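The values are calculated or read from the model by the stated rules, or taken from the named source; none is laboratory data. Everything numeric here is computed off the predicted structure, so don't read it as measured data. Backbone-built Cβ (ideal geometry, glycine too); neighbour counts: all protein chains shown. With ligands, DNA and RNA removed, areas are computed over all heavy atoms of the protein, side chains included. Shrake-Rupley method; radii C 1.70, N 1.55, O 1.52, S 1.80 Å.
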Amino acid sequence: MQKDELLKRLNDIEWEDFEVKEALIELPKNIWTTVSAFSNSAGGWIVLGVKEIKRHGKSLYDVVGVSNAEKLEQDFVGILRSQTKFNLPISVSVMRYNIEGNVVLAFYIPSSTIKPIYFNNNISNTYIRTGSGDQRATEMEILSIQRDQAFGSRSETIVYGTSYNDINLNSLQTYRRRVEQYNDNFLYNSLSDKDFCDKLSILKDDCLTYGSLLMFGKRDSVRKNIGNFWIDYIEIPGISYKEALTRYTYRMPEQDNIWEYYQLLIQRLHIYVDNPFTPGPDGFAPDDNSQLYTLREGLVNMLAHADYFSPIHSTIRVYSNRIEFQNAGCFIMDLDKIKNQVLSMPRNPIIIKFFRYAKLSENAGYGIDKIMRWKELTGEDVLFESELTHSNLIYPLPKRNEFYNYRNSLQLPNNYPTTTQQVESLVLIMNERVWSVRDMMSLMELKDRVNFLKNYLNPALYGGFVEPLFPNNLNHPKQKYRLTNKGKVLLMEIYEKTGK
């Protein structure tokens, strides 16, 4: 830290990585909490020889200097390196400044590679940095710090007592179909399921790892070994729980494993974003650059980076104005670095590998560049937040598109039925394909366009059974329509009812 930077900081409030202490003739007693806090957080500067003055609710700083710089420096550095005060030796860098004849000492305490750091041989003396203050870590935060020591390796640990029989074979087979379709040159596509699992390290020494159990395991096996596994997805009709007329309109039931969650989550999120039609079972191609693609990167990031051993479970909240991914576990890197550098440090490397084999994740880094494209596509900035025990990734939703406004302008009667015979006949002829209005009318042998729109297509749009391929341009020259997930469910119900 240069002298001019020090002076600049003194004219501002204390930064999260910057703490001043008077220390005229001796080390202040509260210096050890700050050392612990910086060591357990992102590191920071402790500056001795500066007095903080509170005036009108604001902090002002007066450079008073220290009277015995040599002794203070030796005492402080000696204690940190000797392991007499703390549970581990602490490295420290020292800078000395002369400001108008006053000596100021600045010590840089880096983030420790081994945590937690505590003093007086008492783990309860573990502190973390929040805002510009030192806070005693809670038991949950201490446990989170300890789990982070296994960052990048816990998911690859063998779960003894498990075997091939603990794999959900339906999950494995749908995963393999995805790999075969989008990664057709993958070396192991032709292998048997058992050999495929061996080659992908789903099995190690005939046992599952924590990562492969989470990704493909049967429900009972997953719950037995990772008791708190659960990804909670809720759709809330408002900008907060308080504002919502009802607590939620949809809540996803629990699934066996990550792969089952992913398949349902991506289809559900599809409802809330624009996505031009592309061939594929999940509605987009591997190199798609749509809103759904950037949202998918955030979803995969969450699934691969979650701390599945935390008592906190990962959640997705869909509000009327945003989608929030809240994850158990902090971002391991500084948020500015995450957004501006190419990184490849997932908490669960084996899980991200499984997604990459299926062409569902970037080959390097977090896919942050794809996540950040949300701004280009919607005009809204993605927000990153990180605390010691959890992190948030927030996608503000763009203003409602033309289709949404059109659908809400239809003003069908309040007692209008959820479906009608006309809607069901339209859903039945649409099946799994995409159709223009002309094609649908021809198939249904209808000639009156006004009648078709009023009694068939508009009610199907209003009910959420059908959607346009270009929702922001309803008059697009290539406009066609397809069934939504809700429409596909209705189609299955019609098949069961009619026996077709």
- Task: Could you tell me whether residue 198 is open to solvent by 30 Å² or more (accessible area, probe 1.4 Å), among the charged types (D, E, K, R), modelled with pLDDT under 95 and more than 24 Å from the chain's Cα centre (by Cα)?
- Result: yes
- Query: Is it true that some residue in the stretch 18-38 is open to solvent by 30 Å² or more (accessible area, probe 1.4 Å), in a strand (DSSP E or B) and free of Cβ contacts under 8 Å to residues at least 40 places away in the same chain?
  - Reply: no
- Query: Name the pairs whose Cβ atoms lie under 6 Å apart, with the first residue in the stretch 113-133 and farther than 12 Å from residue 33 by Cα, the second open to solvent by less than 30 Å² (accessible area, probe 1.4 Å), and 6 or more positions between them or separate chains?
  - Reply: 115/40; 115/145; 116/40; 116/126; 116/142; 116/145; 132/14
- Message: Can you tell me which residue is farthest from residue 493 (Cα to Cα) among those in the stretch 414-438 that are free of Cβ contacts under 8 Å to residues at least 24 places away in the same chain and not β-branched (Val, Ile, Thr)?
- Response: 438
- Given the conditions (1) part of a helix (DSSP H, G or I); (2) touching a residue at least 12 places away in the same chain (Cβ under 8 Å), which single one is not true for residue 198? (2)
- In the stretch 116-143, the residues that are more than 21 Å from residue 83 (Cβ to Cβ), polar (S, T, N, Q) and in contact with a strand residue (DSSP E or B) (Cβ under 7 Å, 6 or more places away or on another chain): 135
- Message: Being loosely packed, with under 12 Cβ neighbours inside 10 Å, acidic (Asp, Glu) and modelled with pLDDT of 80 or more is the requirement here; does residue 424 meet it?
- Response: no
- Checking residue 482 against (1) modelled with pLDDT of 85 or more; (2) assigned to a helix (DSSP H, G or I); (3) surrounded by 14 or more Cβ atoms within 10 Å (Cβ to Cβ), which single condition isn't satisfied? (2)
- Task: Determine if the stretch 154-172 includes at least one residue that is open to solvent by 40 Å² or more (accessible area, probe 1.4 Å) and more than 20 Å from residue 206 (Cα to Cα).
- Result: no
- When both residues are 6+ apart or on different chains and their Cβ atoms are under 9 Å apart, which pairs have a first residue that lies in the stretch 90-107 and is under 14 Å from residue 70 (Cα atoms) and free of Cβ contacts under 8 Å to residues at least 24 places away in the same chain, and a second that is open to solvent by less than 10 Å² (accessible area, probe 1.4 Å) and part of a strand (DSSP E or B)? 94/105; 94/106; 94/107; 98/104
